[in-house]
Amino acid sequence: WSQASEAGSPRSYFEKNRGQVADALLKVTDDKSKSAKNKVVRGTYDKLRPTAKKHVEEAVPGLAGVLEKNLG
């Protein structure tokens, strides 16, 4: 958010950097998945992860709007 704010328009920054924003958000669940003790959970996450990035990228502009409204 701080990088997006410094760029001037957070919404524009998020839209231009969807992949980078999605990777940063997914890193949280990636890390949690790696430490999961349940192999079924880990395996399921690993199978779904490739499509998750696409879905998160699609949601990034909406996230930017929510953040602007509440943090802007």
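The values are calculated or read from the model by the stated rules, or taken from the named source; none is laboratory data. Everything quoted here is computed from the prediction, not taken from an experiment. Cβ sites come from the backbone with ideal geometry, for glycine too, and all protein chains shown count toward neighbours. Note: accessible area is taken over every heavy atom of the protein model, side chains too, but ligands, DNA and RNA are not part of it. Shrake-Rupley method; radii C 1.70, N 1.55, O 1.52, S 1.80 Å.
For the range 4-23, the tally of residues that are open to solvent by 60 Å² or more (accessible area, probe 1.4 Å) and within 15 Å of the chain's Cα centre (by Cα) stands at 6.
Residue count for the range 24-50 satisfying the condition of being closer than 19 Å to PHE14 by Cβ and either open to solvent by 70 Å² or more (accessible area, probe 1.4 Å) or aromatic (Phe, Trp, Tyr) (or both): 3. Would you please list the contacts, defined by Cβ atoms under 7 Å and residues six or more apart or on different chains, that run from a residue in the range 51-69 that is farther than 12 Å from SER12 by Cβ to a residue that is surrounded by 14 or more Cβ atoms within 10 Å (Cβ to Cβ) and of a type outside the set (A, V, I, L, M)? Close Cβ pairs satisfying both conditions: GLU57/ARG18; LEU63/PHE14; LEU67/TRP1; LEU67/PRO10.
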